[in-house]
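Down below is the structure, laid out as structure tokens.
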Amino acid sequence: MSSRRKILTVFGTRPEAIKLFPLVHALAEDERFDSRVCISAQHREMLDQVLEIAGIVPDHDLDLMTPGQTLDALTARALVEIGKVLDEERPDWIVVQGDTTTVMAGAIAAYYRKIPVCHVEAGLRSGDIHHPWPEEVNRRVVGSFAALHCAPTPTARDALLRENVAAGSVYVTGNTVIDALRWVTQRVGEQPALAAGLSELEARFAGKRIIGMTSHRRENFGEGMENIATAVQRLAAREDVAIIFPVHLNPNVRAVMNARLAGLDNVALIEPLDYPHFARLLDISHLMLTDSGGVQEEAPALGKPVLVMRETTERPEGIAAGTAKLVGTDADAIVRETTRLLDDEAAYAAMARAHNPFGDGHSAARIADLLAEA
Ligand code: UD1
Ligand code: UDP
């Protein structure tokens with residue numbers, strides 16, 4: 001028992017849960033580990049949706065979410081509360097994933113106790129500390145002291161090496177999001193009822209091309225969100241398209257989108273989808289319009305063109321492969337690029353190629369091996 005490595009996996013938001021459940025499953029099934037899970041619950045409903053489908057019952061639930069939480073209050077509480085769990089569990093390693101406040105605070109709490117940090121999805125860099133904000137700096141903070149950096153791609157590895165991170169601590173593992181997507185696709189294949197909840201909308205929009213949409217970035221709050229809503233209004237005026245938009249629970253997103261888009265014939269503003277239903281949305285969509293990080297990785301894997309409503313991206317691989325394109329948050333640019341994909345068959349075909357720069361679906365197993373040997 002005592003020879004098993006004790007790993008505490010810490011996460012708090014929907015995307016972290018999606019990208020870590022394959023690793024939590026792998027660690028739980030592996031004799032080499034004593035695996036514990038701590039959730040900050042920086043998100044509540046959107047996190048619980050993932051825990052339920054993945055069958056994960058956390059050992060520690062810090063229940064930190066408050067409505068409209070500020071970054072400083074959340075950071076302070078996460079640091080203190082995750083620290084208490086570390087004192088109780090005294091793990092050999094802590095695992096964090098990505099770039100949220102939970103990741104940054106969890107990693108610092110571990111560093112204060114000299115507990116080594118394994119950073120999953122390490123080395124993503126946009127080069128601009130304000131895009132994505134505050135995620136770019138969260139990543140740099142963790143990257144400056146993690147003991148094990150699991151870079152999803154060679155590009156991410158090279159970014160870490162340029163920052164003088166020790167080469168022996170950086171491994172290209174692929175991105176666990178591909179493991180997660182495969183897992184959920186297989187589950188839905190076995191049990192189609194898991195993703196049948198969109199059938200009413202599918203019937204309502206039969207004959208139209210579906211644009212799947214998400215938007216939540218903090219740097220887009222205000223003008224950016226208003227511009228995005230304007231673009232959607234203009235696209236929705238077309239008879240041959242429908243927009244299905246599961247709206248993030250952040251009140252800064254909901255207020256704008258509800259005020260501007262509710263009641264439009266060709267727009268369905270819906271609640272956040274659980275992962276099987278979101279995979280279904282990806283599947284039925286002609287293209288994706290998003291400012292999400294994870295969707296930029298999933299859409300290319302499924303051959304869906306993705307227009308990225310950001311000024312920069314820390315995921316250049318999809319752009320290099322031609323399956324993703326940066327369109328920013330200018331309404332004219334969003335409408336122009338979407339219209340081109342809708343009306344120009346050659347432009348659409350050039351982007352709609354299944355391509356997988358982000359992983360092969362075996363990333364969690366690789367990371368588990370690294371944790372066993374490190
Ligand atoms: C957070 C992350 C962001 C990540 C995103 C994924 C930070 C600073 N931001 O952004 O990097 O891309 O999650 O979705 O770490 N809310 C709910 N229920 C939920 C989730 C959120 O009501 O299940 C509402 C609450 O009012 C909450 C607000 O959304 O206060 C904001 O949540 P927060 O986690 O602070 O930031 P996000 O904008 O979701
Ligand atoms: N997602 C989901 N339901 C939704 C919207 C997104 O399950 O209604 C999934 C999506 O498949 C991806 C992840 O959530 O894996 C992306 O999360 P989000 O866009 O909130 O955060 P980001 O990736 O930008 O950090």
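Please work out which residue is surrounded by the fewest Cβ atoms within 10 Å (Cβ to Cβ), limiting yourself to region 214-231 and to residues that are of a type in the set (A, V, I, L, M) and within 16 Å of ligand 1 (Cβ to nearest atom). Reasoning before the result, please.
Quick first cut of region 214-231, residues of a type in the set (A, V, I, L, M) only: 225, 228-229, 231.
Next cut, within 16 Å of ligand 1 (Cβ to nearest atom) only: 225, 228.
Values: Met225: 22, Ile228: 27.
Residue satisfying both the conditions and the ranking: Met225.
So which residues in region 195-208 are small (Gly, Ala, Ser) and not in a helix (DSSP H, G or I)?
Filtering region 195-208 down to residues small (Gly, Ala, Ser) leaves 195-197, 199, 203, 206-207.
Selection gives Ala206, Gly207.
For region 120-161, a residue qualifies if it is touching a helix residue (DSSP H, G or I) at 6+ places or on another chain (Cβ under 7 Å), without any contact (Cβ under 8 Å) to a residue 60 or more places away in the chain, not in a loop (DSSP other than H, G, I, E, B) and not aliphatic (A, V, I, L, M), and the qualifying residues are Asn138, Gly143, His149. Residues that are out of contact with any Lys or Arg (no Cβ under 9 Å at 6 or more places or on another chain) and under 23 Å from His362 (Cα atoms) within region 31-56 comprise Val37, Leu51, Glu52, Ala54, Gly55, Ile56, listed in sequence order.
For Ser292, the criteria (1) modelled with pLDDT of 95 or more; (2) surrounded by fewer than 18 Cβ atoms within 10 Å (Cβ to Cβ); (3) assigned to a loop (DSSP other than H, G, I, E, B) hold in every case but one, which is (2).
Within the set Ser144, Ser126, the sole residue that is surrounded by fewer than 19 Cβ atoms within 10 Å (Cβ to Cβ) and either within 24 Å of Ala372 (Cα to Cα) or over 15 Å from the mean Cα position of the chain (by Cα) (or both) turns out to be Ser144. Number of residues in region 25-40 that are of a type in the set (D, E, K, R) and touching a residue at least 40 places away in the same chain (Cβ under 8 Å) equals 3.
Hey, any hits in region 17-33 for a residue that's in contact with a His (Cβ under 9 Å, 6 or more places away or on another chain) and within 18 Å of Arg182 (Cα to Cα)? Yes, the conditions are met somewhere in region 17-33. Among the residues making up region 57-114, those that are more than 16 Å from ligand 2 (Cβ to nearest atom), charged (D, E, K, R) and not in a helix (DSSP H, G or I) are Asp59, Asp61, Asp63, Arg90, Asp92, Arg113, Lys114. For region 254-261, the criterion of being crowded, with 20+ Cβ neighbours inside 10 Å, touching a residue at least 60 places away in the same chain (Cβ under 8 Å) and not charged (D, E, K, R) is met by no residue. Mind listing just one residue for me: the one in region 1-22 that is touching a strand residue (DSSP E or B) at 6+ places or on another chain (Cβ under 6 Å) and either part of a helix (DSSP H, G or I) or of a type in the set (A, V, I, L, M) (or both) and, of those, farthest from ligand 1 (Cβ to nearest atom)? It comes out as Ile7.
Could you look through region 186-213, keep only residues that are crowded, with 18+ Cβ neighbours inside 10 Å and not aliphatic (A, V, I, L, M), and pick out the one that is farthest from ligand 2 (Cβ to nearest atom)?
Among residues in region 186-213 that are crowded, with 18+ Cβ neighbours inside 10 Å and not aliphatic (A, V, I, L, M), the one farthest from ligand 2 (Cβ to nearest atom) is Phe205.
Scanning region 262-286 for residues that are at negative phi, away from ligand 1 (no atom under 16 Å from the Cβ) and either surrounded by fewer than 16 Cβ atoms within 10 Å (Cβ to Cβ) or not in a strand (DSSP E or B) (or both) yields Ala262, Leu264, Asp265, Asn266, Pro276, Ala279, Arg280, Leu282, Asp283, Ile284, Ser285, His286. Scanning region 41-56 for residues that are more than 11 Å from ligand 2 (Cβ to nearest atom), part of a loop (DSSP other than H, G, I, E, B) and in contact (Cβ under 8 Å) with a residue 24 or more places away in the chain turns up Ala41, Gln42, Ile56.
Looking across region 23-54 at every residue that is within 9 Å of ligand 1 (Cβ to nearest atom) and farther than 30 Å from Ala374 by Cα, the one that is surrounded by the most Cβ atoms within 10 Å (Cβ to Cβ) is identified as His43.
Can you tell me which residues in region 209-239 are charged (D, E, K, R) and part of a helix (DSSP H, G or I)?
Taking region 209-239 as the starting set, the residues that turn out to be charged (D, E, K, R) are 209, 217-219, 223, 226, 234, 238-239.
If the condition is that a residue be charged (D, E, K, R) and part of a helix (DSSP H, G or I), then Arg218, Glu219, Glu223, Glu226, Arg234 are the ones that fit.
Listed by first and then second residue, the pairs linking a residue in region 321-339 that is on the phi > 0 side of the Ramachandran plot to a residue that is not in a loop (DSSP other than H, G, I, E, B), with Cβ atoms under 7 Å apart and 6 or more places separating them unless they lie on different chains, are Gly322/Ala350; Gly322/Met351. The conditions of being modelled with pLDDT of 95 or more, small (Gly, Ala, Ser) and assigned to a helix (DSSP H, G or I) are not met by Ala242.
The values are calculated or read from the model by the stated rules, or taken from the named source; none is laboratory data. These numbers come from a predicted model, not from an experiment. Reconstructed Cβ throughout: ideal geometry from the backbone, glycine too, with neighbour counts over all protein chains shown.
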